[in-house]
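**Student:** First the structure, then my questions, so here it is.
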Amino acid sequence: QVQLVESGGGLVEAGGSLRLSCTASGRTRGSYGMGWFRQAPGKEREFVAALSRGSSGTYYAESVKGRFTIFRDNAKNTVYLQMNGLKTEDTAVYFCAAAPYTAIDSTAYTDWGQGTQVTVSS
């Protein structure tokens with residue numbers, strides 16, 4: 001299976017920025033979609049952003065449009081989530097995931113990282 005490892009989380013003040021990284025290893029398929037999800041304590045995991053298999057399109061949750069950007073570096077086999085203008089409501093554990101096709105539904109994703117904590121203070 002594909003192994004995904006997230007990094008880049010931390011504590012930041014509201015209005016600040018963080019860049020999350022997700023590095024993949026063990027992948028056997030040549031085309032896949034990537035996504036970022038987040039889960040706050042006591043809440044359901046929610047979609048944040050997705051990147052199409054060929055990086056031809058990006059998709060974002062309405063709550064993060066204009067603030068977050070998903071992109072990849074194929075040479076490093078890494079997908080990033082650039083988060084700007086962070087709000088306290090963005091506090092959550094952030095997960096990256098891989099899917100055999102572009103998707104915003106978490107059930108479509110077959111491989112998940114362990115998550116990285118993002119905490120936004122007021």
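The values are calculated or read from the model by the stated rules, or taken from the named source; none is laboratory data. Note that the structure is a prediction, hence the values are computed from the model and not measured. Note that each Cβ is placed from the backbone with ideal geometry, even for glycine, and that neighbours are counted across all protein chains shown. All accessible areas refer to the heavy atoms of the entire protein, side chains included, with ligands and DNA or RNA removed. Shrake-Rupley method; radii C 1.70, N 1.55, O 1.52, S 1.80 Å.
**Student:** Over the chain, what relative contact order in percent results from Cα pairs under 8 Å that are six or more residues apart?
**Tutor:** Relative contact order comes out at 36 percent.
**Student:** Mind listing the phi-derived Karplus ³J(HN,Hα) values for segment 104-121, rounded to whole Hz, using 6.51, -1.76 and 1.60 with θ = phi - 60°, and x for any glycine or proline?
**Tutor:** 10, 8, 4, 5, 7, 8, 9, 10, 10, x, 8, x, 9, 7, 10, 10, 10, 9
**Student:** Still on this model: Once both labels are modelled 7 Å past Cα along the beta-carbon direction, what's the Asn84-Thr107 spacing in nm?
**Tutor:** Rounded to a tenth, the inter-label distance reads 3.6 nm.
**Student:** Only Lys, Arg, Asp and Glu count, each charged at its Cβ (+1, +1, -1, -1), so figure out the dipole size of the chain about its Cα centre, rounded to 20 debye.
**Tutor:** For the chain, the charge dipole is close to 300 debye.
**Student:** Under 22 Å Cα-Cα from Lys65, which lysines qualify once same-chain neighbours fewer than 8 residues away are excluded?
**Tutor:** Lys43, Lys87
**Student:** Another question, if that's okay. As a test question: what accessible area, to the nearest 10 Å², does Thr23 have when a 1.4 Å probe is rolled over all protein chains in place?
**Tutor:** Accessible area, nearest 10 Å²: 60 Å².
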